[in-house]
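The values are calculated or read from the model by the stated rules, or taken from the named source; none is laboratory data. Just so it is clear, the model here is predicted, and its values are computed rather than measured. A quick note on method: Cβ atoms are made from the backbone with ideal geometry, for glycine too, and the neighbour counts reach across all protein chains shown.
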Amino acid sequence: MSEELRTVWWDGEALGLIDQRRLPHEQITVRCTDVEAVAHAIKAMVVRGAPAIGCAAAYGMALAARAGAANDSGDGEARALLERLAQAKALLDAQRPTAVNLAWATARVLRATERFVEAGTSPTTAAIAARVLEEAHAIIAEDLAMCHAIGEHGAALIPARGRVLTHCNAGGLATAGYGTALAPIRTAHRQGRAVHVLVDETRPFLQGARLTAWELREAGIPQTLITDNMAGYMMRRGEVDCVIVGADRIVANGDVANKIGTYSLAVLARAHGIPFYVAAPSSTIDLGLASGEQIPIEERAPEEVTHLNGQPIAPAGVAAAHPAFDVTPHELVSAIITERGVIYPPFAEGLRNAVITEGQPRQG
Ligand code: MRU
C-alpha cells in the first residue's frame with residue numbers, strides 16, 4: 001500500500017472508503033453520505049480492521065450531525081442533535097461487537113460534542129456539527145500518528161534475521177494508515193534491515209492473502225504467503241523469528257481478542273519458543289473488562305465458510321461455524337507494542353499507564 005493510498009477519508013461532504021472486499025483485484029472507492037451507509041459499510045466489511053472501523057464510525061457521527069443540523073428548526077435543537085448523535089452511536093456500535101475501537105471512537109465524539117454544547121453559549125447546530133467533524137478528523141490524525149509510533153517501538157523487537165509471521169490484516173488498510181502489526185515491519189524495512197514476512201492467508205475472509213499480501217507487495221517488502229495450517233510446520237523448521245499480530249480488544253489483564261486463528265498461532269509460538277507480539281494503539285485497550293472471557297465474539301454468516309467468492313466449497317446445506325475472532329490468554333503474549341512503548345508481562349499496570357492522558361484516565 002503506497003503512503004498516498006488512504007483507507008478512510010473525508011471528501012468535504014461525505015466519507016470515502018476503499019472497498020476492501022474488492023482488493024486485490026480492483027481498487028474501488030465507496031462514498032457514504034449518511035450514517036446508515038456507514039453502518040452498512042462496517043457490517044459488510046467494505047471497511048474493516050479495528051482502528052479503521054473506529055475512524056469510519058467517527059465520520060458516520062459527523063454525517064449524522066450534519067443531517068441533524070440541516071433540519072434545524074430553531075428551539076431546543078442542540079439537545080435534539082445530541083439525541084440524534086446518541087442514536088447514531090447505537091446504530092454504529094451494533095454493527096461489529098468485538099473491536100472496541102468502534103464504540104471507543106463514537107463515545108469520544110459524543111462526549112466531545114456534549115462538552116462543547118455544555119460549555120458554549122447556545123451554539124448553533126451548524127457549529128455543533130462542525131465540532132463533531134473536527135473530533136472525527138482528530139481521531140484519524142491521531143490514529144496515523146499512533147501507528148507510526150508503534151512502528152518505531154516495534155521495529156526494535158524484530159530479530160536480525162527478520163522473519164516475521166503475521167495473521168489477518170493489521171496494516172494500513174486496517175487503520176488510518178501505516179498499520180499496527182505491519183508498522184514495525186514497515187519501519188524495519190525503511191531502516192534498511194532484513195525483513196521477510198510470512199503471511200497467513202487467514203481463512204475464511206482471506207484478509208492475509210487478499211489485503212496483507214497486497215499491501216506488502218505495494219511497499220516492496222519481501223513476503224511468502226502461506227495457508228493457515230502451514231504455520232506450525234514453518235515454525236518447526238526454524239523459518240519464523242517472531243509473530244506480530246494486531247488486536248481488536250485488549251482487556252485489563254492483557255488477554256487479546258484478534259482474528260480467528262490468532263490463538264492457535266500463540267500456542268504454536270509458545271511450543272516453539274518464538275516470541276509472540278501484539279501491536280495495537282491505546283484505543284484498542286478496554287480496561288472496563290477484567291478478562292478475555294468477557295469479550296463479545298462476533299459470529300458471522302456460515303456462508304463465508306462454506307463459500308469462496310460466492311462459489312460453494314462444501315456440500316450444500318452443511319452446518320458451518322464462523323466465530324470471527326478468538327481470545328489469546330495473556331500468558332501466551334510476549335509483549336504488547338503500543339504508541340507509548342512496549343509493555344511486558346505482567347501487563348495490568350503497563351496497560352493502565354498506556355491509557356492515562358495528562359495524569360487522568362483517558363476519556364473515550
Ligand atoms: O474482521 P476484521 O478484518 O475486521 O478483523 C481484523 C483483525 O482481526 C485485525 O487483526 C485487528 O482488527 C487489528 S487491525 C490493526
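Just one of the listed residues (Ala41, Ala78, Ala103) is in the same structural domain as Gln27 (by TED's automatic domain parsing) and touching a Pro at 6+ places or on another chain (Cβ under 7 Å), and it is Ala78.
Put simply, of His153, His137 the only residue that is out of contact with any helix residue (DSSP H, G or I) (no Cβ under 8 Å at 6 or more places or on another chain) and farther than 11 Å from Ile244 by Cβ is His137. The helices (runs of 4 or more DSSP H) falling completely within segment 176-260 that include 1 or more residues that are near the ligand (Cβ under 10 Å from one of its atoms) map to 182-190. What number goes with the only condition from (1) surrounded by fewer than 18 Cβ atoms within 10 Å (Cβ to Cβ); (2) under 23 Å from Asn258 (Cβ atoms); (3) in contact (Cβ under 8 Å) with a residue 24 or more places away in the chain that Ala44 does not pass? Exception for Ala44: condition (3). Apart from one condition, Arg161 fits all of (1) over 30 Å from Leu63 (Cβ atoms); (2) over 21 Å from the mean Cα position of the chain (by Cα); (3) modelled with pLDDT of 95 or more; the exception is (3).
Number of residues in segment 274-284 that are surrounded by 24 or more Cβ atoms within 10 Å (Cβ to Cβ) and either away from the ligand (no atom under 13 Å from the Cβ) or on the phi > 0 side of the Ramachandran plot (or both): the value is 0. Would you say Val327 is surrounded by 19 or more Cβ atoms within 10 Å (Cβ to Cβ), within 29 Å of Gly151 (Cα to Cα) and touching a residue at least 12 places away in the same chain (Cβ under 8 Å)? Yes, satisfied. Looking across Ala141, Ala160, one residue alone is closer than 16 Å to Glu339 by Cα, away from the ligand (no atom under 16 Å from the Cβ) and touching a residue at least 12 places away in the same chain (Cβ under 8 Å). It is Ala141. Taking the criterion of being crowded, with 24+ Cβ neighbours inside 10 Å and among the aliphatic types (A, V, I, L, M), the residues of segment 177-194 that qualify are Ala181, Leu182, Ala183, Ile185. For Glu339, the stated conditions hold: it is modelled with pLDDT of 95 or more and either within 30 Å of Glu114 (Cβ to Cβ) or exposed (fewer than 12 other Cβ atoms within 10 Å of the Cβ) (or both).
Out of the residues in segment 97-121 that are crowded, with 24+ Cβ neighbours inside 10 Å and within 16 Å of the ligand (Cβ to nearest atom), state the one that is nearest to Gly68 (Cα to Cα). Out of the qualifying residues, it is Ala105. When residues in segment 195-204 are screened for being over 18 Å from Glu239 (Cα atoms) and surrounded by fewer than 23 Cβ atoms within 10 Å (Cβ to Cβ), 2 of them pass. Among the residues making up segment 1-37, those that are farther than 20 Å from Thr284 by Cβ, within 15 Å of the ligand (Cβ to nearest atom) and outside any loop (DSSP other than H, G, I, E, B) are Leu17, Ile18. When segment 296-311 is limited to residues that are more than 13 Å from the ligand (Cβ to nearest atom), modelled with pLDDT of 95 or more and not β-branched (Val, Ile, Thr), the one that is farthest from Phe205 (Cα to Cα) turns out to be Pro296.
When segment 270-293 is filtered for residues that are under 19 Å from the mean Cα position of the chain (by Cα), over 14 Å from His330 (Cα atoms) and in a helix (DSSP H, G or I), the ones remaining, listed by number, are Ser282, Ser283, Thr284.
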